[in-house]
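All remarks here apply to the structure that follows.
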Amino acid sequence: MRFLSTVLSLPSFFALLFAFGMATAVHGQTHDTEGTRFRQVTPDFSVAGQLSVEDIQRAAAQGYTLVINNRPDGEGGPDQPTSAELEQAAKEAGIDYLYTPFSPGHVTEEAFNQTKMVLARHEGKTVSFCRSGTRAVTIWAMAQSALGNMQPDETIQAARGAGYNLDRQRQTLQALAANKKP
């Protein structure tokens, strides 16, 4: 990642990304009686645990215009809907869909860049998901810091309001914010 190369070597950067995946979820169950619970981080961004086809339809009905999937296919076993199934549901619901999977604790450069680009361009409400929402809120905070949309402390506070503790990622967020492109 070019913008961090002046501060960090590539191995150091990926070590930070690995550490970044260690966010602490401070919430309990992510499911309620109406399906997967969307946790609002900002007025236009929410996170969730694994979504179902029905959850995609519910997201569209609630005004979401983009779904970001950070969970690799098959991670949750055979009962987990595939990305293709969820993408089809999003298409049928008339909303955009982005598949940027990565394993817990292993944010990839590709997933980060794709997320950052889509969030920079997208206007409207977004819901991003993984198993628990932790990866989704983590990569969102990274993108917001790198884009200069929010200060690191603001992203940490917003994540906390949704039930996620990103305090251990403060250094990474600050590095991303300090090296944002003009």
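Select, from Ala84, Ala60, the only residue that is assigned to a helix (DSSP H, G or I) and closer than 25 Å to Glu110 by Cβ. Write out each step before concluding.
On the way: Ala60 fails: closer than 25 Å to Glu110 by Cβ.
Of Ala84, Ala60, the one residue that is assigned to a helix (DSSP H, G or I) and closer than 25 Å to Glu110 by Cβ is Ala84.
Results for (1) in contact with a Lys or Arg (Cβ under 8 Å, 6 or more places away or on another chain); (2) at pLDDT 95 or above; (3) not hydroxyl-bearing (Ser, Thr, Tyr), shown as yes or no for each residue.
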residue: Thr82; (1), (2), (3): no, yes, no
residue: Gly94; (1), (2), (3): no, yes, yes
residue: Gln114; (1), (2), (3): no, yes, yes
residue: Ala141; (1), (2), (3): no, yes, yes
residue: Ala146; (1), (2), (3): yes, yes, yes
residue: Gln151; (1), (2), (3): no, yes, yes
residue: Leu166; (1), (2), (3): yes, yes, yes
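Listed residues Gln114, Gln144, Gln169; which is free of Cβ contacts under 8 Å to residues at least 24 places away in the same chain, of a type in the set (S, T, N, Q), surrounded by 16 or more Cβ atoms within 10 Å (Cβ to Cβ) and part of a helix (DSSP H, G or I)?
Details: Gln144 fails: free of Cβ contacts under 8 Å to residues at least 24 places away in the same chain; Gln169 fails: free of Cβ contacts under 8 Å to residues at least 24 places away in the same chain.
The conditions single out Gln114.
Given the residues Arg2, Arg71, Arg58, which is the only one that is over 13 Å from the mean Cα position of the chain (by Cα) and at pLDDT 95 or above? Walk me through how you get there before you give the answer.
Working: Arg2 fails: at pLDDT 95 or above; Arg71 fails: over 13 Å from the mean Cα position of the chain (by Cα).
After ruling out the rest, the residue left standing is Arg58.
Check Arg135, Arg131 and return the single one that is in contact (Cβ under 8 Å) with a residue 24 or more places away in the chain, of a type in the set (D, E, K, R) and closer than 16 Å to Ser52 by Cβ. Write out each step before concluding.
Numbers: Arg135 fails: closer than 16 Å to Ser52 by Cβ.
Result of the check over Arg135, Arg131: Arg131.
The values are calculated or read from the model by the stated rules, or taken from the named source; none is laboratory data. Bear in mind the structure is a predicted one, so any value in this text is a computation, not a measurement. Here Cβ is always computed from backbone atoms with ideal geometry, including for glycine, and neighbour counts include all displayed protein chains.
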